[in-house]
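The values are calculated or read from the model by the stated rules, or taken from the named source; none is laboratory data. Just so it is clear, the model here is predicted, and its values are computed rather than measured.
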Amino acid sequence: MPIYEFVCNKCRKNFETFVLSASASSDVKCPACGSEDVTKRFSTFACRTGSSGPSFGGVSGSFGSGGCGGSSGFS
């Protein structure tokens, strides 16, 4: 089950939840206020490909090269 990030359009809280499928996103409720008026957020991930390079959130490595798709962007 993938974890998706959402923002509540009523109370503006950010939260994460497990969602069985993309169509099940319509069943998501805000855990803070119970509103069903939520929006899926665009989220990114970091990958570690080496022991040198920048550090983001405690993860260091050579970002933009190696095992996460290279530095050429989308293909």
Of the residues Glu36, Glu16, only one is on the phi < 0 side of the Ramachandran plot, assigned to a loop (DSSP other than H, G, I, E, B) and either hydroxyl-bearing (Ser, Thr, Tyr) or modelled with pLDDT of 65 or more (or both); which?
Glu36
Failed condition for Ser26, given (1) at pLDDT 60 or above; (2) of a type in the set (S, T, N, Q); (3) not in a helix (DSSP H, G or I):
(3)
Selection from the stretch 1-13 of residues that are in a loop (DSSP other than H, G, I, E, B) and at pLDDT below 90
Met1, Pro2
